[in-house]
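Heads up, the thing below is written out as C-alpha coordinates.
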Amino acid sequence: MMMLEDQSIEISSSSSELGKVTEQIKLQQIAGELLKISFNSKYMLDALKVLDSEFIHIGFTGAMQPIIMKPQDSTNILQLILPYRTTN
(Lines give C-alpha, C1' and ligand atoms only; values in the text may rest on other atoms or scores of the structure.)
Protein backbone atom coordinates (compact mmCIF):
# COMPACT_ATOMS: atom_id res chain seq x y z
CA MET A 1 0.00 0.00 0.00
CA MET A 2 1.34 3.45 -0.87
CA MET A 3 0.31 6.91 0.14
CA LEU A 4 1.76 10.08 -1.35
CA GLU A 5 1.88 12.83 1.21
CA ASP A 6 4.18 15.80 1.95
CA GLN A 7 7.01 14.95 -0.45
CA SER A 8 7.20 11.36 0.75
CA ILE A 9 5.81 7.95 -0.06
CA GLU A 10 4.74 5.49 2.59
CA ILE A 11 5.03 1.84 1.74
CA SER A 12 3.47 -0.67 4.09
CA SER A 13 2.93 -4.39 3.95
CA SER A 14 1.02 -6.64 6.29
CA SER A 15 0.93 -10.39 6.55
CA SER A 16 -0.60 -12.72 9.12
CA GLU A 17 2.70 -14.66 9.24
CA LEU A 18 5.18 -11.76 9.23
CA GLY A 19 3.27 -8.88 10.82
CA LYS A 20 3.27 -5.29 9.53
CA VAL A 21 6.17 -3.34 8.02
CA THR A 22 6.09 0.36 7.09
CA GLU A 23 8.76 2.42 5.35
CA GLN A 24 8.68 6.10 4.44
CA ILE A 25 10.83 7.36 1.56
CA LYS A 26 11.50 11.00 0.62
CA LEU A 27 10.70 12.04 -2.95
CA GLN A 28 12.58 14.42 -5.23
CA GLN A 29 9.51 15.54 -7.11
CA ILE A 30 5.78 15.05 -6.62
CA ALA A 31 2.74 16.31 -8.50
CA GLY A 32 -0.95 15.62 -8.08
CA GLU A 33 -3.36 14.84 -5.29
CA LEU A 34 -3.21 12.48 -2.32
CA LEU A 35 -3.30 8.88 -3.49
CA LYS A 36 -3.74 5.57 -1.71
CA ILE A 37 -3.19 2.45 -3.81
CA SER A 38 -2.58 -1.26 -3.11
CA PHE A 39 -0.31 -3.73 -4.92
CA ASN A 40 0.92 -7.24 -4.48
CA SER A 41 4.25 -6.73 -2.68
CA LYS A 42 5.92 -9.55 -4.61
CA TYR A 43 5.20 -7.81 -7.92
CA MET A 44 6.55 -4.52 -6.57
CA LEU A 45 9.75 -6.14 -5.29
CA ASP A 46 10.27 -8.05 -8.56
CA ALA A 47 9.99 -4.78 -10.50
CA LEU A 48 12.37 -2.92 -8.19
CA LYS A 49 15.00 -5.68 -8.40
CA VAL A 50 15.54 -5.13 -12.13
CA LEU A 51 15.56 -1.32 -12.00
CA ASP A 52 19.29 -0.82 -11.51
CA SER A 53 19.26 2.91 -10.84
CA GLU A 54 19.75 5.23 -7.89
CA PHE A 55 16.58 7.13 -8.79
CA ILE A 56 13.32 5.62 -10.04
CA HIS A 57 10.41 7.36 -11.75
CA ILE A 58 7.01 6.07 -10.60
CA GLY A 59 4.01 7.32 -12.56
CA PHE A 60 0.47 7.19 -11.10
CA THR A 61 -2.73 8.18 -12.89
CA GLY A 62 -5.37 7.09 -10.38
CA ALA A 63 -6.22 4.79 -7.48
CA MET A 64 -7.35 1.86 -9.65
CA GLN A 65 -4.98 2.46 -12.57
CA PRO A 66 -1.67 0.67 -13.22
CA ILE A 67 1.56 2.40 -12.24
CA ILE A 68 4.65 2.71 -14.41
CA MET A 69 8.12 2.36 -12.91
CA LYS A 70 11.34 3.08 -14.80
CA PRO A 71 14.91 4.10 -14.01
CA GLN A 72 15.33 7.86 -14.18
CA ASP A 73 18.49 7.56 -16.28
CA SER A 74 17.27 4.98 -18.83
CA THR A 75 14.40 4.40 -21.22
CA ASN A 76 15.21 0.74 -21.93
CA ILE A 77 13.24 -0.70 -18.99
CA LEU A 78 9.60 -0.06 -18.13
CA GLN A 79 7.67 -1.91 -15.41
CA LEU A 80 3.86 -1.89 -15.31
CA ILE A 81 2.16 -2.99 -12.10
CA LEU A 82 -1.59 -3.45 -11.70
CA PRO A 83 -3.27 -2.49 -8.40
CA TYR A 84 -5.88 -4.51 -6.55
CA ARG A 85 -8.98 -3.46 -4.64
CA THR A 86 -8.94 -3.30 -0.85
CA THR A 87 -11.73 -2.71 1.62
CA ASN A 88 -10.04 0.16 3.52
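The values are calculated or read from the model by the stated rules, or taken from the named source; none is laboratory data. The structure presented is a predicted model; accordingly, all values stated were derived computationally and were not measured. Glycine also receives a Cβ, built like all others from the backbone with ideal geometry; neighbour counts cover every protein chain displayed. Accessible surface is based on the protein model in full, side chains and every heavy atom, while ligands, DNA and RNA are left aside. Shrake-Rupley method; radii C 1.70, N 1.55, O 1.52, S 1.80 Å.
At a glance:
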item: Members of the range 12-30 that are without any contact (Cβ under 8 Å) to a residue 12 or more places away in the chain and part of a strand (DSSP E or B); result: SER12, SER14, SER15, GLY19, LYS20, VAL21
item: Qualifying positions in the range 77-88 - in a loop (DSSP other than H, G, I, E, B) and either open to solvent by 100 Å² or more (accessible area, probe 1.4 Å) or over 18 Å from ASP46 (Cα atoms) (or both); result: LEU78, LEU82, TYR84, ARG85, THR86, THR87, ASN88
item: Residues that are under 15 Å from TYR84 (Cβ atoms) and part of a strand (DSSP E or B), drawn from the range 36-60; result: LYS36, ILE37
item: Output for the range 1-29, where each listed residue is under 21 Å from TYR84 (Cβ atoms), of a type in the set (S, T, N, Q) and either modelled with pLDDT of 80 or more or within 13 Å of the chain's Cα centre (by Cα) (or both); result: SER12, SER13, THR22
item: Filtered residues of the range 30-76 (kept if closer than 20 Å to SER12 by Cβ, open to solvent by less than 30 Å² (accessible area, probe 1.4 Å) and at pLDDT 85 or above); result: ALA47, ILE67, MET69
